[in-house]
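See below for the structure under consideration.
The values are calculated or read from the model by the stated rules, or taken from the named source; none is laboratory data. Small disclaimer: the values here were computed from a predicted structure and weren't measured. Positions of Cβ are backbone-derived with ideal geometry, glycine not excepted, and every protein chain shown enters the neighbour counts.
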Ligand SMILES: [Fe+2]
Ligand SMILES: [Fe+2]
């Protein structure tokens, strides 16, 4: 692909990815207010944006086999843990941005669990063994991620077990 088109498709992928996320977040808040049809509208359009993002990402050659995709996921989480968030954390500390510091702390702690989960899956896939995952639980407040049992309260943000979403 020629450079200018590649840059444009990368920008389109970033934009569609953000729209997808933003609409899902809006749906979450509409749902909280009991506005079911509004939530459904946001979720439906969010899905369309995901399809666009998928097509752009595919055009960019970002999709491989499961092992390659897991490598890409491990690399992304590793970058966030070792470079991106530590740098953002340092700036937020310098600027005394309390809200940002909390959001960064919650993200970085969860990313560590994500990295381990992806690494474990990758090692299994590489050996050609059957990958099995126990139920996995995510705290809806902070994103704390755990495989197996739901903790009584979130060890990262302190919210009760009821707010966890299971997959
Ligand atoms: Fe992550
Ligand atoms: Fe939490």
Could you grab me the full set of residues in the stretch 141-167 that are loosely packed, with under 15 Cβ neighbours inside 10 Å, within 15 Å of ligand 1 (Cβ to nearest atom) and in a loop (DSSP other than H, G, I, E, B)?
167
Checking the condition farther than 30 Å from residue 7 by Cα, assigned by TED's automatic domain parsing to the domain that holds residue 4 and part of a helix (DSSP H, G or I), which residue from 47, 23, 29 passes?
29
Would you tally the residues in the stretch 98-136 being more than 16 Å from ligand 1 (Cβ to nearest atom), surrounded by 12 or more Cβ atoms within 10 Å (Cβ to Cβ) and either at pLDDT below 95 or within 19 Å of residue 156 (Cβ to Cβ) (or both)?
3
Going through (1) over 19 Å from residue 78 (Cα atoms); (2) in contact with a strand residue (DSSP E or B) (Cβ under 6 Å, 6 or more places away or on another chain); (3) more than 10 Å from ligand 2 (Cβ to nearest atom) one by one, residue 113 fails only at (1)
When the stretch 65-108 is examined, which residues are found to be under 30 Å from residue 128 (Cβ atoms) and either outside any helix (DSSP H, G or I) or in contact (Cβ under 8 Å) with a residue 24 or more places away in the chain (or both)?
65, 66, 67, 70, 71, 73, 74, 77, 78, 80, 81
Residues that are more than 17 Å from residue 105 (Cα to Cα) and within 8 Å of ligand 2 (Cβ to nearest atom), drawn from the stretch 129-163:
163
If residue 75 satisfies every condition in (1) more than 30 Å from residue 1 (Cβ to Cβ); (2) loosely packed, with under 15 Cβ neighbours inside 10 Å but one, which is the exception?
(1)
Going through the stretch 4-61 in order, the residues found to be in contact (Cβ under 8 Å) with a residue 40 or more places away in the chain, under 17 Å from the mean Cα position of the chain (by Cα) and farther than 27 Å from residue 141 by Cβ are 13, 57
